[in-house]
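See structure below.
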Amino acid sequence: MRLLLGIFLIGAVGCSQTSPAPGVTYSAAALTKEADGKVKQQGEPISVAGAMVSDVAEIPGDGNSLFVEVRKTSYGKATFTITFPDKTTQTVRLKAGESKDLLSKGHKLGLRIQVQDAH
């Protein structure tokens, strides 16, 4: 009887665990492209935890701002739309642990984004 009760309790505890809430945790920093073509990060990255679809973060850099909008999240990956100061946009999809540098064509301001976790 004790064995049966123990198995039941283990099963009940295992089934009662909830999955993580949907959302994405990421960091982003503004980049500038120097005259020699090298890319330089502007300041410390901004960390965003638990961002949901349609959440927008403003990333300041070089007197302007870039905007990062969460478009989609799923287990282990997320899709973002980046809006540059000239109103052009780029869409990027990243897996957890990946990072990407995005530079707007014809402008020296860009963005480095890294996904830590996504659900």
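Within region 74-107, the set of residues being of a type in the set (S, T, Y), open to solvent by less than 80 Å² (accessible area, probe 1.4 Å) and assigned to a loop (DSSP other than H, G, I, E, B) comprises T88, S104. Condition check for K40 on (1) surrounded by 14 or more Cβ atoms within 10 Å (Cβ to Cβ); (2) without any contact (Cβ under 8 Å) to a residue 24 or more places away in the chain: one failure, at (1). Within region 54-82, the set of residues being hydroxyl-bearing (S, T, Y), more than 14 Å from D117 (Cα to Cα) and at pLDDT 95 or above comprises S54, T81.
The values are calculated or read from the model by the stated rules, or taken from the named source; none is laboratory data. Here the structure is a predicted model, which is why all the values come from computation and not from measurement. In this analysis, Cβ positions are derived from the backbone assuming ideal geometry, glycine residues included, and neighbour counts consider all displayed protein chains. Surface accessibility is based on the protein's heavy atoms, side chains included, excluding ligands, DNA and RNA. Shrake-Rupley method; radii C 1.70, N 1.55, O 1.52, S 1.80 Å.
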